[in-house]
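The structure appears right after this line, and notes come after that.
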Ligand SMILES: C[S@@+](CC[C@H](N)C(=O)[O-])C[C@H]1O[C@@H](n2cnc3c(N)ncnc32)[C@H](O)[C@@H]1O
């Protein structure tokens, strides 16, 4: 499956971080995987699923999927960014791999758990937010668990202070990437301006900028949309394993009667 219909899926295919510079992703994002993976594992064991069939929706480079697999779960992979998905597939050779738009996800499979970390902020419209949650409900068996990590609105707004944040990574002995991200807040959205400078030795090899927006979540919105999509027992807690306090961990259970998926734009 490689149909891209939503705005967030289109961004996933064009953001340099996920495409041209995808090899830098794991060097730039170094949050430890253990807190997230151990939280999921502990909850799945408590639910009587120590070896669950799990979908990592928006898996990125598959770091969390690989760690969950090591703990005994079978984890499949879905993402719209081909270059990241390729890295995830290499890391998780036994996983089924789906190049898919999560807002139109239709795998014909039902999982015991869906995990979606750091992704739902990319869905900007109400339509896409409802569509992705309905697709997750349809991808879960009744009683299946949904694990989300999302940006929380107030914490996100406080951090969006227009301060440029720089990182520098060595991609190979000759190649070096400088990355700067500047985030501002306007009308409920985080506006992200990214600058990429690639150097081979002392030579400038490529320079680009990329602008996109993210829309954080409130607890009220999470409960309202998850309930409408067919989830119950919705727990929200502070995020786990994040370097900043602007994240929420959400765990929800798929109800017996979940809403039918809608396509983005319907
Ligand atoms: C910030 S990364 C998080 C990756 C991984 N879950 C992690 O925690 O490292 C967001 C991921 O969501 C994917 N994504 C965003 N919108 C998507 C969509 N509509 N369909 C599929 N993947 C999407 C991106 O391609 C990217 O891999």
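The values are calculated or read from the model by the stated rules, or taken from the named source; none is laboratory data. Remember, it's a predicted structure, so these values are computed and weren't measured experimentally. Ideal geometry is used to build each Cβ from the backbone, glycine not excepted, and the neighbour counts take in all protein chains shown.
At-a-glance table
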{"read-out": "Test result for residue 135, within 12 Å of the ligand (Cβ to nearest atom), assigned by TED's automatic domain parsing to the domain that holds residue 24, crowded, with 24+ Cβ neighbours inside 10 Å and closer than 16 Å to residue 252 by Cα", "value": "yes"}
{"read-out": "Conditions (1) part of a strand (DSSP E or B); (2) in contact (Cβ under 8 Å) with a residue 12 or more places away in the chain; number of the one not met by residue 133", "value": "(1)"}
{"read-out": "Count of segment 31-78 residues which are at pLDDT 95 or above and either within 11 Å of the ligand (Cβ to nearest atom) or part of a helix (DSSP H, G or I) (or both)", "value": "31"}
{"read-out": "Counted residues, segment 103-130 - those being in a strand (DSSP E or B), surrounded by 23 or more Cβ atoms within 10 Å (Cβ to Cβ) and within 11 Å of the ligand (Cβ to nearest atom)", "value": "2"}
{"read-out": "Positions within segment 1-18 being more than 9 Å from the ligand (Cβ to nearest atom) and either under 14 Å from residue 198 (Cα atoms) or modelled with pLDDT of 90 or more (or both), in sequence order", "value": "14, 16"}
{"read-out": "Test for residue 100: is it under 19 Å from residue 61 (Cβ atoms), in contact (Cβ under 8 Å) with a residue 60 or more places away in the chain, within 7 Å of the ligand (Cβ to nearest atom) and surrounded by 22 or more Cβ atoms within 10 Å (Cβ to Cβ)", "value": "yes"}
